[in-house]
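Written below as structure tokens is the structure these notes are about.
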Amino acid sequence: MKKIFVATLLLSSLQAFSSDSDFGMGGCGLGSMIMGKDGNQVLAITTNGTGTQSFGITSGTSNCNPPDEDKTAKLQKFIEANHVFVETDIARGNGETISSISKILECNGDIAHKLQSNYATIYSDSNGVSEKITRVLSGQCAI
Amino acid sequence: MCYLKIALLLFSFNLFAQDYQYSVKESARNSRLFEQSAWLRLLHYRKGIINSYKSEADGEAFFTDKNGKYNPKAELLTFIDAIFKTDQLDSNEHAICRFPLRFKWLVSTLKIDPTKLPQPSCEKYNNFIKQVKAKSASIVFSSYYLNNPASVFGHTFLRLNKNNNNELLDTGINFGAATNGANPLYYVVGGFMGAFPGAFIAIPYYYKVREYNNYESRDLWSYNLNLSEEMVGRLVDHIWEVGNTNFDYYFLDENCSYHVLNLIDAINPEFHFIDELPFKGYIYTIPIDTIYALYTKENFVASVDYRPSSSTLFYNNFEKLNQNQKTIFYQIIKEDADLSMLNSLSEEDRVKILDLALNYIDYKYAEAILKEDSEKTKWKKRYLLERSKIALSSVNSIQVHPEKELPHNGHPSRKAALGIGHDSKLGTLAQFHFKFSLHDFTDPQTGFSPYMILKMGEVNFDYYEKTSKVRMKNVTLYELLSLPPLTEARKNLSWKMSIGQKLIKDKNSENPYSSIGVEGGVGATVNLKNDFTLFGLMLLDLGATKKITNNHNLRLGGGPTLGLRWMMNDYFLTALQFYQGSYLFLDHKNYFTVTWENRLYFSKYYGLSFNLNKNSKSQEFSSQFILYF
């Protein structure tokens with residue numbers, strides 16, 4: 001029982017480590033992993049032993065961290081990885097991810113309440129969230 | 001005529017450049033620059049036995065000389081040649097682009113005239129600097145995580161801060177192993193042997209927050225470093241250099257925390273943080289020790305920030321509700337709950353309860369929500385929709401963190417104790433205790449969770465005066481004990497697992513005998529009062545022994561264990577532990593132990609222990625002097 005317990009403990013946690021090998025070598029170290037098999041982002045990197053190729057820095061971080069000038073791509077990556085908390089913060093009308101969005105899109109003034117009042121529209125379905133957010137904010141941000 | 005002139009000019013320029021290159025090399029040679037600690041650190045050399053050097057970097061791309069890994073001198077001279085090379089000026093592969101910090105150090109140390117050097121474009125490096133926009137740096141400690149053997153002792157990584165009030169968009173620099181789909185057994189064995197290449201990656205900090213804070217529910221502590229702008233620049237340059245190579249990953253010593261701390265040492269010869277680690281980082285590196293090391297330099301940590309995990313957020317916010325609000329929370333936290341009952345409440349109350357419901361799902365179903373599991377997502381969406389209709393902002397709380405909980409205030413990881421005692425059967429005895437790491441039920445609890453026991457490498461020896469013999473009393477290779485107290489909202493089981501040896505004193509043998517094996521079990525913990533903890537576990541105990549009775553080598557049994565601890569204050573605690581087991585095969589099947597420990601601490605470094613120990617056969621009294629170091 002004890003042994004099985006230990007073994008399962010080891011197995012269950014280590015699978016997380018092995019899982020990230022399934023991601024290709026293309027792009028930046030994580031970019032390709034982030035869009036993992038089942039399209040989820042954070043899971044693919046949930047390990048200390050993040051298993052990327054060793055060129056995570058020198059091959060440029062462009063794929064996981066688009067340049068600031070490419071606001072659309074930057075916002076999209078941000079929302080992909082933070083989707084759980086972006087949605088929560090929008091529904092609550094405040095939160096850290098809202099100020100990140102404001103920074104990425106260079107917005108003026110309070111965007112939180114505008115996003116909150118458009119929550120139902122933005123999340124009517126889970127597709128094109130970052131486009132819908134951009135549309136809602138188009139008047140207030142440099143996009 | 002004209003051609004000749006140009007050719008002559010080119011020739012003389014070339015000659016001139018070669019002359020200069022030669023003189024730079026000469027002065028590097030004459031000043032024995034390759035022996036300077038700045039150079040040795042930039043290349044991550046460590047001194048071996050008999051004056052030899054070896055770099056910890058294992059990728060060829062980290063060196064310009066083919067013997068660079070073992071030869072600091074050859075590497076320096078070849079590096080000088082490399083920066084004078086006039087090809088590859090726009091390919092990012094020029095040595096000046098690949099090793100910006102080495103280059104800058106060399107230029108300033110030898111007072112090289114940069115105008116006499118090639119000017120490669122280094123587009124990728126410049127992009128990296130531009131993206132990171134580092135103004136300051138922090139080391140982030142991700143707290144202990146008992147659910148993953150590789151993360152039990154916590155984890156550290158770097159954060160390069162833009163200082164623009166939005167940490168999420170800062171850059172995390174993580175060192176990890178590339179396991180490439182190794183099976184779990186190979187992973188564990190290979191991890192100890194250094195079979196996997198480890199590498200640094202740069203990644204937006206929000207990935208790290210989601211990974212640790214939310215997916216694994218671990219608290220994050222940022223130790224913001226007091227580095228000048230110049231030092232931050234050096235750090236970023238050096239990260240660029242190491243980002244190009246790999247280091248064999250060793251679980252115990254050359255792990256994430258060691259390499260992250262080593263980056264700091266590399267940028268300034270006056271830093272000696274690695275030397276402050278237990279055994280100077282040679283045998284093992286526990287992540288928290290690298291945080292302790294930062295505090296050995298006065299004012300090096302400018303400030304500490306705390307980022308609560310999903311579970312911390314939920315439990316804290318739950319405790320803030322009054323009884324009435326809690327009742328309503330329980331009524332609505334069902335997938336088919338009727339949310340209209342919220343309508344009778346004030347907006348403030350609705351916000352509190354709905355926010356807590358969101359906290360709850362984020363914590364309890366982190367994986368399902370992340371994977372956009374349709375059922376859980378639909379469930380959460382009901383609260384989100386309700387919440388979005390109330391224009392009131394949420395109060396995002398838990399900024400306070402009591403000094404007591406700050407990880408860097410914990411006791412040092414190694415512990416030694418010397419004691420003297422008396423056993424009713426064996427007479428007077430002397431005791432020796434050593435623990436490599438980390439935290440026990442009766443250690444000072446500041447800086448650690450009092451409900452987590454985490455031991456690796458503990459040995460206890462007794463010396464008996466009567467027989468003049470030393471006996472190994474107990475060796476713990478590894479022990480984990482998780483004791484989350486049950487509360488109204490938290491219903492987690494307690495559990496234990498340990499691997500090691502213990503000395504059994506029972507009636508089956510004239511003399512005490514050794515049992516080597518595993519022990520584990522499950523149970524529950526309650527906090528009777530804040531400082532009064534009671535736990536009970538059902539244990540299973542399996543060990544190999546010498547032949548005792550009936551010619552068996554196996555000692556297999558189990559039974560209940562109970563523990564009680566009272567922490568009067570930071571300086572005094574008392575703990576009582578009881579175990580009653582029944583064992584198969586043996587003549588005398590019952591075995592019990594009772595231990596009563598009293599600890600008096602003068603600081604997090606010293607203490608005294610007074611113990612009473614009773615077992616099936618004898619009783620023992622002892623007192624010890626304890627040292628954490």
Rounded to the nearest 20 debye, dipole of the protein assembly as shown from Cβ charges on Lys, Arg, Asp, Glu: 1500
Pairwise label distance in nanometres, B:VAL470 with B:THR574, each label 7 Å out on the Cα-Cβ vector: 3.5
Heavy atoms of B:VAL594 accessible to a 1.4 Å probe, total area in Å² rounded to 10: 40
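Can you tell me the alpha carbon radius of gyration of region B:116-176 divided by the globular rule-of-thumb value 2.2 N^0.38 Å? Walk me through the numbers before you get to the answer.
Details: Rg = 16.5 Å, N = 61, 2.2 N^0.38 = 10.5 Å.
This ratio for region B:116-176 stands at 1.57.
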Sequence of B:MET568, B:MET452, B:MET341 when ordered by accessible area, the most exposed leading, probe 1.4 angstrom: B:MET568, B:MET341, B:MET452
Extreme residue, positive dipole direction of the protein assembly as shown, given options B:TYR363, B:LEU503, A:ALA142 (C-beta unit charges): B:LEU503
Solvent-accessible area lost in complex, 40 Å² minimum, residues of region B:524-570 relative to chain alone, 1.4 Å: B:LEU540
Whether region B:514-597 is rounded, prolate or oblate, judged on the alpha carbon gyration tensor where a/c under 1.5 counts as rounded: prolate
Difference of contour (0.36 nm per residue) and Cα-Cα distance, B:ASP349 to B:LYS491: 48.6 nm
Charge dipole (region B:375-481, unit charges on Cβ, about Cα centre) - positive-most of B:PRO450, B:LEU384, B:ALA416: B:LEU384
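With +1 on the Cβ of every Lys and Arg and -1 on the Cβ of every Asp and Glu, and nothing else charged, how large is the dipole of region B:577-629 about its Cα centre, in debye rounded to the nearest 20?
Numbers: 5 positive and 3 negative charges, 18 e Å.
That gives a dipole near 80 debye.
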Under the span-like rule (Cα at least 18 Å along the axis, Kyte-Doolittle mean at least -1.0), DSSP H helices of chain B: B:2-30, B:72-84, B:229-242, B:347-364
Förster radius 56 Å - calculated FRET efficiency between B:PHE16 and B:TYR605, Cβ distance, rounded to 0.05: 0.35
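Calculate, for the protein assembly as shown, the solvent-accessible area per residue in square angstrom, rolling a 1.4 angstrom probe over the heavy atoms of the protein chains. Don't skip to the end; give the middle numbers.
Numbers: 33300 Å² over 772 residues.
In whole numbers, the protein assembly as shown has 43 Å² accessible per residue.
With a 1.4 Å probe and all protein chains left in place, how much of the accessible area of region B:550-619 comes from carbon and sulfur atoms, in whole percent? Mind showing how you got there, number by number?
Working: 2380 of 3650 Å².
Carbon and sulfur: 65 percent of the exposed surface of region B:550-619.
Would you mind classifying chain B by shape? Square roots of the alpha carbon gyration tensor eigenvalues, ordered a ≥ b ≥ c; an a/c under 1.5 is rounded, otherwise it is prolate if a/b is larger than b/c and oblate if not.
Values: a/c = 2.57, a/b = 1.43, b/c = 1.80.
Since a/c reaches 1.5 but b/c is at least a/b, the shape of chain B is classed as oblate.
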Anisotropy class of region B:190-292 from Cα gyration tensor, a/c 1.5 cut: rounded
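Counting Lys and Arg as +1 and Asp and Glu as -1, each charge on the Cβ, what is the dipole of chain B about the Cα centre in debye, to the nearest 20? Walk me through the intermediate numbers first.
On the way: 70 positive and 66 negative charges, 181 e Å.
In debye, rounded to 20, chain B gives about 880.
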Furthest towards positive pole of dipole, B:LEU117, B:ILE50, B:ASN92, structure part region B:11-117, Cβ charges: B:ILE50
Probe 1.4 Å - accessible area at B:ARG46, Å² to nearest ten: 50
Accessible area buried, both sides summed, chains B and A with 1.4 Å probe, Å²: 6400
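Tell me what chain B gives for mean residue ellipticity at 222 nm when only DSSP H runs of n ≥ 4 count, each as -39,500 (n - 2.57), the sum divided by the residue total, rounded to 500 deg cm²/dmol.
On the way: 16 runs with 177 residues, N = 629.
Theoretical 222 nm ellipticity from helices: -8500 deg cm²/dmol.
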Cα radius of gyration and Dmax for region A:58-143 (Å): 12.5, 43
Label-reachable residues, region B:372-390, where backbone N falls under 11 Å from a point 7 Å from B:ASN324's Cα toward its Cβ: none
Carbon/sulfur fraction of accessible area - region B:212-290, other protein chains in place, 1.4 Å, %: 45
For region B:229-263, residues shielded by at least 20 square angstrom of accessible area compared with the chain on its own, probe 1.4 Å: B:TRP240, B:GLY243, B:ASN244
Spin-label model distance (nm) - B:ASN51 vs B:ASN226, 7 Å beyond Cα toward Cβ: 3.9
Separation of the B:ARG32 and B:ASN316 label points, Cα + 7 Å toward Cβ, nm: 5.5
Cα-based Rg of the protein assembly as shown normalised by 2.2 N^0.38 Å, two decimals: 1.09
Computed accessible area, A:GLU80, all protein chains, 1.4 angstrom probe, square angstrom: 40
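The values are calculated or read from the model by the stated rules, or taken from the named source; none is laboratory data. Please read all numbers here as calculations on a predicted model, not as lab measurements. Reconstructed Cβ throughout: ideal geometry from the backbone, glycine too, with neighbour counts over all protein chains shown. Just the protein is used for accessible areas: all its heavy atoms, side chains included, with ligands, DNA and RNA removed. Shrake-Rupley method; radii C 1.70, N 1.55, O 1.52, S 1.80 Å.
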